[in-house]
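The values are calculated or read from the model by the stated rules, or taken from the named source; none is laboratory data. Since the structure is predicted, the reported quantities are computational estimates derived from the model, not experimental observations. Here the Cβ positions follow ideal geometry from the backbone for every residue, glycine too, while neighbour counts run over all protein chains shown. To get the accessible areas, we keep the full protein, side chains included, count just its heavy atoms, and leave off ligands, DNA and RNA. Shrake-Rupley method; radii C 1.70, N 1.55, O 1.52, S 1.80 Å.
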Amino acid sequence: MNPRPCITFLASAAPNAQQALAELVACHGQCELEQADVICALGGDGFMLQTLHRHGALGKPVYGMKLGTVGFLMNHHHHEDLLERIATAEPAKLRPLEMQAQTESGGSVTSLAYNEVSLLRQTRQAAHVRIDLNGQTRLDELICDGVMVSTPAGSTAYNFSAHGPILPLGSHTIALTPIAAFRPRRWRGAILKANTEIRFEVLDPYKRPVSVTADSHETRDVVEVVIRESADRTVTLLFDPEHNLEERILSEQFMV
């Protein structure tokens with residue numbers, strides 16, 4: 001990276017993020033995305049995910065600063081020594097999940113998820129879902145409010161709230177976690193190799209409709225969802241050494 005990197009600053013619509021954007025651009029200038037050495041995202045985790053979805057294909061490292069409600073994927077906000085912080089930042093490479101969903105109408109939807117892919121019931125009726133792993137049926141019928149597949153980076157978020165496991169960064173694993181499972185009542189999910197192909201078949205989708213959400217991208221009335229780790233897409237997040245993403249995920253496992 002250049003001694004003085006070319007930075008593109010992006011900010012959420014929140015007033016404090018917009019104020020920080022104006023101050024940082026006045027101090028460091030604003031680089032065009034295509035020429036940037038690094039993207040600096042100002043906001044919360046939602047805005048970070050939005051930035052990754054919109055600009056991840058450019059392959060630019062992203063340094064986030066928390067100016068939102070949740071900031072697990074962000075660094076603390078103070079920009080007096082921003083250039084030094086970026087120069088000494090530690091990279092964390094994330095590989096998203098690829099989701100392909102088939103709908104009742106015959107449509108096909110694809111999306112990426114850096115946190116998780118979640119299937120959720122759309123009505124008061126519980127969802128009935130069959131689960132196949134690498135072409136082999138592992139669960140004939142899961143009766144539940146929903147089920148999700150989470151990356152290590154997303155395992156501390158919605159996955160953990162649903163009593164799923166926290167996965168170490170770089171463990172090459174993903175979490176398969178039920179949401180309020182009714183049958184099998186004692187099934188708590190599974191930790192899978194990251195290259196596992198997971199197929200969900202929605203049973204009785206007309207009576208028991210199900211939606212799927214990849215991060216914040218929702219598709220309704222799905223009949224089948226296939227999820228696998230992306231083979232060719234990675235993004236790099238930059239973190240201050242004293243509180244990098246690996247340490248954050250580890251610390252979450254010892255919070256009481």
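Before moving on, here are some points about what is shown:
- Looking only at segment 114-126, and only at residues there that are of a type in the set (D, E, K, R) and touching a residue at least 60 places away in the same chain (Cβ under 8 Å), the one that is most open to solvent (accessible area, probe 1.4 Å): ARG121
- Only listed residue being under 20 Å from GLN50 (Cα atoms) and in contact (Cβ under 8 Å) with a residue 12 or more places away in the chain, chosen from SER105, SER155: SER155
- Residues of segment 130-170 classified as part of a strand (DSSP E or B) and open to solvent by less than 40 Å² (accessible area, probe 1.4 Å), total: 12
This table checks each residue for (1) without any contact (Cβ under 8 Å) to a residue 40 or more places away in the chain; (2) touching a Pro at 6+ places or on another chain (Cβ under 8 Å); (3) open to solvent by 50 Å² or more (accessible area, probe 1.4 Å); (4) farther than 20 Å from PHE160 by Cα.
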{"site": "TRP187", "(1), (2), (3), (4)": "no, yes, yes, no"}
{"site": "ASN195", "(1), (2), (3), (4)": "yes, no, yes, yes"}
{"site": "PHE200", "(1), (2), (3), (4)": "no, no, no, yes"}
{"site": "LEU203", "(1), (2), (3), (4)": "no, no, no, yes"}
{"site": "VAL226", "(1), (2), (3), (4)": "no, no, no, yes"}
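Conditions (1) surrounded by 14 or more Cβ atoms within 10 Å (Cβ to Cβ); (2) in a strand (DSSP E or B); (3) among the small types (Gly, Ala, Ser), marked per residue:
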residue	(1), (2), (3)
TYR63	yes, yes, no
GLY68	yes, no, yes
LEU73	yes, no, no
HIS77	yes, no, no
GLU84	no, no, no
LYS93	no, yes, no
LEU112	yes, yes, no
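- The lone exception for ASP221 - which of (1) within 26 Å of CYS40 (Cβ to Cβ); (2) open to solvent by 30 Å² or more (accessible area, probe 1.4 Å) it fails: (1)
- Complete set of residues in segment 17-38 that are at negative phi and not in a helix (DSSP H, G or I): GLN30, CYS31, GLU32, ALA36, ASP37, VAL38
- The one condition from (1) among the small types (Gly, Ala, Ser); (2) within 27 Å of PRO15 (Cβ to Cβ); (3) open to solvent by 10 Å² or more (accessible area, probe 1.4 Å) that ALA36 does not meet is (3).
- Pairs meeting the criteria (first residue in segment 75-90 and among the polar types (S, T, N, Q), second residue crowded, with 16+ Cβ neighbours inside 10 Å and assigned to a helix (DSSP H, G or I), beta carbons under 9 Å, at least 6 apart or on different chains) are ASN75/ARG85.
- Complete set of residues in segment 180-198 that are assigned to a strand (DSSP E or B), within 19 Å of the chain's Cα centre (by Cα) and over 11 Å from VAL149 (Cα atoms): LYS193
- Filtered residues of segment 39-59 (kept if buried (at least 18 other Cβ atoms within 10 Å of the Cβ) and not in a helix (DSSP H, G or I)): ILE39, CYS40, ALA41, LEU42, GLY43, GLY44
- Any chance HIS79 is modelled with pLDDT under 90 and under 17 Å from THR8 (Cα atoms): yes
- So ALA101, is it over 17 Å from the mean Cα position of the chain (by Cα), aliphatic (A, V, I, L, M) and more than 15 Å from ILE7 (Cα to Cα): yes
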